[in-house]
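The next block holds one structure in the form of structure tokens; read it before the comments.
Computed from the coordinates by the stated procedures, all read-outs in this text should not be read as laboratory data. It should be emphasised that the depicted structure is a prediction, and the values quoted were computed from it without experimental measurement. Here the Cβ is made from the backbone with ideal geometry for all residues, glycine too, and neighbour counts use every protein chain on show.
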Amino acid sequence: MASFSYVAVDSKGKQVKDSIEADNQLKASDQLKKEGLTVIELKEQGMLDKDINLGGLFKKKVKIRDLSLFCRQFVSLHRAGVTIIESMKMLTEQTENPTLKEALQEVSANVQKGETLASSMRVRSDVFPPLLAHMVAAGEASGSLDVAFERMAVQFEQSAKINGMIKKAMVYPIMVLAVAVVVVIVMLTFVVPTFMEMFADMDIEMPKITLMVVAASEFMQKHWIIIVAVIIALVAFFKYFSKTATGKGIIHKALIKLPLFGNLTVKSSSAKFARNLSTMLAAGISMPDAVQIVGDTMNNIYYEECMKNARNDVMQGVPLSTPLEKSGLFPPMVYHMTRIGEETGNTEDMLNTLADYYEEEVEMATQSLMAALEPLIIIILAAVCGTIIGAVIAPMGAMYEGLDSL
């Protein structure tokens, strides 16, 4: 297919500039006319003006807040009586994120061809999560599309809030560690050699700690390329290892068991489970299908596996609370409240209450994590810098002792 750049006018008289792919210029023109555009200029793109595509390498990621805003805007337009096709066109024009804009254009084109909105979203699963597609399908089937989008807007807002709190907890320790590494490199590269030159002409017996720091300083100056290469290799290996099944198993298990991070992982997973399952059940999706969809949204493979096992049990008539309890991954409150909901026929409301509770718990756990990490990192930083400073000061003490003995 060839690429053609065009200038056209839409049904509202607005000028549109974009590109399109077609077998030839005539087919490109026909395709644009089918989309309701009046073509003003249409020409084949050359190598210099052709749209560059690097396989999505530099595509901007669609954030959860972008999806939340999209859902809110769709609800407003739908309730105002705007058709789905017109709503998608309007949202495409006002969306700033280029990746989301491209996805909305593709969804709009598929809907115009007669596809359902949910199936059109599933084509772009890299942008629209399966949770959203299932909710939209349920909304289309029940005739309550605006309710489905409104629930997903709340869902995305809650997820964004939790993710934001967790990221906030990680920013401080990462920044402090980065500063610590820079300080150590500067001290070993510039400060230590300067002081060692002062002591070089003096007949002073260097303490062992000073000799160790000097050796580290000299190694860093002579073999810094090796150090940088090793660091890059370790980072690359960690990224590769974290994507393997073995790596995911080790890392995700550690995130559950580690003293500082385990509490946050368990509570955030519990909040996500309760909120997502409640949303699915509210849309009228059956319990087995809802559990399977929730499993696909979990970030930890152990919770994902737990959801798969739970679905199999539910398919055999076992209450959901039973496999949740057997898994040992969820706090007792999760499966106890789920069991109460099953016994009273009020599972959805119980899960909503559970989600609200654990979202507050995630906030408290995040604050506790930050409170624990801050002094720990400061102590580590003080120990490292203190060792280097002590190694520099130690020869001075030896020198003054020598002067006193004269």
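How big is region 64-157 in terms of Cα radius of gyration and Dmax, in angstroms?
Gyration radius and largest Cα-Cα distance of region 64-157: 11.6, 32 Å.
Taking a cut-off of 27 Å between Cα atoms, list the lysines near Lys257, but don't count ones fewer than 8 places away on the same chain.
Answer for Lys257, where 27 Å is the Cα cut-off: Lys161, Lys167, Lys168, Lys239, Lys243, Lys248, Lys267, Lys272, Lys308, Lys326, listed by chain and number.
Helix-derived [θ] at 222 nm for the chain: sum -39500 (n - 2.57) over DSSP H runs of at least 4, divide by residue count, nearest 500?
Taken over the chain, the calculation gives -24500 deg cm²/dmol.
First obtain the Kirkwood hydrodynamic radius of the chain from its Cα pairs, then insert it into the Stokes-Einstein equation at 10 °C and 1.306 mPa s, and state the resulting D in µm² per second as a whole number.
This corresponds to a translational diffusion coefficient of 60 µm²/s.
Net charge near Ala310: determine it from the other residues with C-beta under 14 Å of the C-beta of Ala310, scoring Lys and Arg +1 and Asp and Glu -1.
-3
Ranking request for peptides 134-142, 364-372: highest mean number of other beta-carbon atoms within 10 Å first, then the rest in descending order.
134-142, 364-372
If you add up the charges near Ser321, with Lys and Arg at +1 and Asp and Glu at -1, over every other residue whose beta carbon is less than 11 angstrom from its beta carbon, what do you get?
That sum, taken over residues with Cβ under 11 Å, equals -2.
List the residue ranges in the chain for DSSP H helices whose C-alpha atoms run 24 angstrom or more along the long axis and whose Kyte-Doolittle average is 1.0 or above.
145-186, 224-243
So for each of 329-339, 34-44 I average, over its residues, the number of other beta carbons within 10 Å; can you give me the resulting order with the highest mean first?
329-339, 34-44
For a quick protection proxy, order the peptides 210-217, 77-84 by their average other-Cβ count within 10 Å, most packed first.
Listed from highest to lowest mean packing, they are 210-217, 77-84.
Suppose every K and R has +1 on its Cβ and every D and E has -1 on its Cβ; what is the size of the dipole of the chain about the Cα centre, in Debye to the nearest 20?
740 debye
Quick check: Cα centre of region 255-275 to Cα centre of region 120-166, how many Å?
23 Å
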